[in-house]
1. Give me the distance in nm between label points sitting 7 Å out from Cα along the Cα-to-Cβ direction at L94 and R14, one decimal.
2. Angle between the Cα long axis of helix 44-54 and the longest principal axis of the chain, 0 to 90 degrees, nearest 10?
3. Please state the charge dipole magnitude for the chain, taken about the Cα centre, from unit charges on C-beta atoms (+1 on K and R, -1 on D and E), reported in debye and rounded to the nearest 20.
4. So what's the angle, to the nearest 10 degrees on a 0 to 90 scale, between helix 73-82 and the longest Cα principal axis of the chain?
5. Would you mind calculating the gained length between L85 and A41 on full extension (0.36 nm times residue separation, minus the Cα-Cα distance), in nm to one decimal?
6. Among T57, Q75, M11, which residue has its Cα furthest toward the positive end of the charge dipole of the chain, with +1 on Lys/Arg Cβ and -1 on Asp/Glu Cβ?
7. Top mean-square fluctuation among L58, L85, L27, Gaussian network model of the chain, C-alpha springs under 10 Å?
8. Calculate, in nm to one decimal, what L58 and A3 gain on full extension: separation in residues at 0.36 nm each, minus their alpha carbon distance.
Amino acid sequence: MDAKKRIRELMDERGWTEYRLAKESGLSSSTISNMFNRNNAPTLSTLEDICKAFGITLVQFFAEGDAVCALTEEQKSLFAKWSTLSDDQKKVLLDLMNTM
């Protein structure tokens, strides 16, 4: 797997710039810039920080297709709350999330 390509996909899904990724991950802008512009491969610790920013685990980062992977505690909590919502509440929440 091309880690930089996967990071770019996750950024595009969220509409994030390199600057936003740096802010959300706590990494320097130069670290993010060098990763993309100087073809530097991200280290494991850099990937961990990036995954935290995206709210995913390393397993989820590297999962391909419909592979089953473990959820973070935050994701488990979100799904537990989701299941208690009515269909109308789910629609409203999805509409809100799509505007972000």
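1. 2.2
2. 30
3. Result for the chain is approximately 260 debye, rounded to the nearest 20.
4. Once rounded, the angle reads 30 degrees.
5. Gain on stretching L85 to A41: 11.7 nm.
6. M11
7. L85
8. Separation in residues times 0.36 nm, less the Cα-Cα distance, equals 18.7 nm.
Read-outs: derived from the displayed coordinates by stated rules, not from any lab. Values in this document were obtained by computation on a predicted structure and should not be read as measured data. Note that each Cβ is placed from the backbone with ideal geometry, even for glycine, and that neighbours are counted across all protein chains shown.
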